[in-house]
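Q: A single structure is presented below for examination.
The values are calculated or read from the model by the stated rules, or taken from the named source; none is laboratory data. Only a predicted model underlies this, so the values are computations on that prediction, with no experimental measurement involved. Because the Cβ atoms are built from the backbone with ideal geometry, glycine has one as well, and the counts that use them run over all protein chains shown. Side chains included, ligands, DNA and RNA excluded: accessible areas come from the protein's heavy atoms. Shrake-Rupley method; radii C 1.70, N 1.55, O 1.52, S 1.80 Å.
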There are 2 protein chains.
Amino acid sequence: MPTANQPADGKPAAPTQRTRDKAQSRTRMLAAARRMFQRHGFEAASMRQIAKAAKCTPGALYVHFADKRELLVAMMDEDFALLSAGITACASIADPVLRLSETGRAYVRFALEHPQHYRMLFMTQKPTIEPESYCEIKHGNPDKDGYAFMRETVRQCIEQGRFLARYRDLEMVTQSCWASAHGFVSLYINYGEDPWVEFGEPLAGAYACLDMHMDGLTGGEFSRLVSSQRGGNP
Amino acid sequence: MPTANQPADGKPAAPTQRTRDKAQSRTRMLAAARRMFQRHGFEAASMRQIAKAAKCTPGALYVHFADKRELLVAMMDEDFALLSAGITACASIADPVLRLSETGRAYVRFALEHPQHYRMLFMTQKPTIEPESYCEIKHGNPDKDGYAFMRETVRQCIEQGRFLARYRDLEMVTQSCWASAHGFVSLYINYGEDPWVEFGEPLAGAYACLDMHMDGLTGGEFSRLVSSQRGGNP
DNA sequence: CATCTGAGTGAACGGTGTTCAGCGAAAGTG
DNA sequence: CACTTTCGCTGAACACCGTTCACTCAGATG
C-alpha cells in the first residue's frame, strides 16, 4: 500500500505540499522544545507550553513524537553530533595519552554546554533495559561508540606502557577515565546553582580533574608530556 | 501561648497521647516517602502514593511537611547524618593526605552500600533548596557537614604543601576530590547492571579512581606514602 | 463537665502527559 | 473536473499530579 511519502519501490517521492508542511511543523516543534527544555529543564517544561511555543495544540506533538521523552531524544540526537564531532576530531591525535586527555576535554565541554542533554543521557535512572529498542537499532548507540573509542585509546596506552604498571585492567581504567570526566560535570550540573557549594569556573575545574586523573594514571608523565609539548612547540 | 508540646518555659512537656501519635505518623510518613523516593525517584513518586503507603490521605502529609520538597529534605537529613558519621570517623587520622584518602573511601563505601540512598542524595535533580530551609547548623561545621570536613582536610594539605603547587584553589581542589569519589560510584549505580559496560568489582574501581586522583594531586607522593606506611607498619 | 485544639479527611482547583473521534484540506484517481 | 482517500491537526476528554481548605471529631485543657 504505497503512500505519497514512502512508495513501495523505496525511491524518494517528490515532496508534496503536505510533506513539506509536516517537516516544517516538526522542525518548529523541535525548536520550541529545545527552547523550553533548555530554559526550564525536562520535567518543568510541559507539552502544553511547548505546543503553545510551537503554535499548535498538544495533540499535534504526538503526530510527530510518540511521547515527551522521544521529543527530547530527537532533540538530543541533533546535538549529539557535536560530541561525535569533538571525539572524532581527537582521533587524529597520534599520541594515545594526549588523545585520551583531549577526548575527556571534548566530553566535559559537551556536558557543560548541554547540561540538560547530559543529564538525560548520563544522570537519569534508566527505566528499563530494552536491548532491541535502545542499543542496536538506534543507528548505533552513541554512548557505546564513545565508550568503545575511549577503551581503544586506553588499550593503546596500556600496550605502549604509558600507564603505571598497576593500571593494566582495560575495563577498569576506561571506566576510571569516564568517571574522571563524569564526576565533576555531573556534580556541577546538579549543584552549580546551589549556594551550598561555591563552584568556580566549571570548565577549569573539570579540566583539572581530568589532568589529575591522567597524572595519576601515568605517574606524572602526562603533565611532563604536555609541558614538553608546549615548550617544544611554542 | 503555651501548648502541650512546647510550654512557654521551654521545659519538655510530658508526651501526651496526641504528641506521641503525631510523632508516630511523621515517622510512618517519612518511611513511606523514603520507600517511594528510592523506588521511583523524586518526580515519579507521588504524594498520593506516599500517602497510601503511609495509610493516610494526601492532605495529612501537609500537616507534617510544607510540601513535597520538604518531605525530601527531611528524608535527606537522615541519610546525610549516616554519611557524615562515616566521613567524620576519619577525623582521628593525623596525616591530612591519608585522612583525605580515607574520607573518600568512606564516601564511596556509603554510596556502594546504600546505592538507592546515594542516588536520592547526589544523583537526582532536586528542586532548589534555599539555605534557610536547610539545617544551618550543619552547614560549614566540619563535625556535621561532610563537605566542610573534606574542605578542612584539603586546606591542611595545601597549607602543609602536600599538593602540587598548581593545586592551590581550596574550593576547586575540594570539589575535585568530591568528583573523584562521585564519578565512578554514580556511573556504577546507573550502569552497573547495564550489559554494554562490563563493570568489575565496584569497590576496587572506586578506590582506584580515588588513588589516581590523590596521586595526581600530590605528584605521586600519596602512593609513596601509602607504601611506606604499609612497609613501616606491616 | 464544657471548651478548645489540631491531626486528619475528602472534595475541590488548576495543572500535567496522553488519547481519540472527527474535521477539512491536500493528494490520489477516474 | 468530480469523487474518494489520506492524514495532520483540533478540541474535548481521561487519569493522574501537587496543593488547598472547610470541616470533623478524638483527645487535651480548665
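Q: Could you grab me the full set of residues in the stretch A:39-59 that are more than 8 Å from DNA strand C (Cβ to nearest atom) and farther than 29 Å from residue B:124 by Cα?
A: A:54, A:55, A:56
Q: Counting just the residues of the stretch B:29-48 that are over 14 Å from residue B:62 (Cα atoms) and away from chain A (no Cβ under 13 Å), which one comes out nearest to DNA strand D (Cβ to nearest atom)? Before you say what the answer is, go through the steps one by one.
A: Of all residues in the stretch B:29-48, those over 14 Å from residue B:62 (Cα atoms) come to B:31-32, B:34-45.
Filter once more, so that each one left must be away from chain A (no Cβ under 13 Å): B:31-32, B:34-36.
Working: B:31: 17, B:32: 13, B:34: 15, B:35: 14, B:36: 9 Å.
Here the answer is B:36.
Q: What helices (runs of 4 or more DSSP H), lying completely within the stretch A:169-234, carry at least 3 residues that are over 18 Å from residue A:109 (Cα atoms) and open to solvent by less than 20 Å² (accessible area, probe 1.4 Å)? Full working, then the answer.
A: Working: elements: A:170-191, A:202-218, A:221-232.
The qualifying helices (runs of 4 or more DSSP H) are A:170-191, A:202-218.
Q: Tell me whether the stretch A:119-130 contains one or more residues that are open to solvent by less than 20 Å² (accessible area, probe 1.4 Å), within 10 Å of the chain's Cα centre (by Cα), within 15 Å of DNA strand C (Cβ to nearest atom) and under 30 Å from residue B:120 (Cα atoms).
A: yes
Q: I need the full set of residues from the stretch B:68-96 which are open to solvent by 50 Å² or more (accessible area, probe 1.4 Å), more than 14 Å from chain A (Cβ to nearest Cβ) and either within 16 Å of DNA strand C (Cβ to nearest atom) or among the polar types (S, T, N, Q) (or both), in order please.
A: B:70, B:92
Q: Residues being more than 9 Å from DNA strand D (Cβ to nearest atom) and small (Gly, Ala, Ser): count how many of those fall in the stretch B:49-65.
A: Qualifying residue count, the stretch B:49-65: 2.
Q: On the given criteria, is residue A:19 open to solvent by 20 Å² or more (accessible area, probe 1.4 Å) and at pLDDT below 95?
A: On the way: open to solvent by 20 Å² or more (accessible area, probe 1.4 Å): yes; at pLDDT below 95: yes.
For residue A:19, the condition - open to solvent by 20 Å² or more (accessible area, probe 1.4 Å) and at pLDDT below 95 - is met.
Q: Select from the stretch A:24-44 the residues that are at pLDDT 95 or above and among the small types (Gly, Ala, Ser) and write down the one among them that is surrounded by the most Cβ atoms within 10 Å (Cβ to Cβ).
A: Within the stretch A:24-44, the match that is surrounded by the most Cβ atoms within 10 Å (Cβ to Cβ) is A:33.
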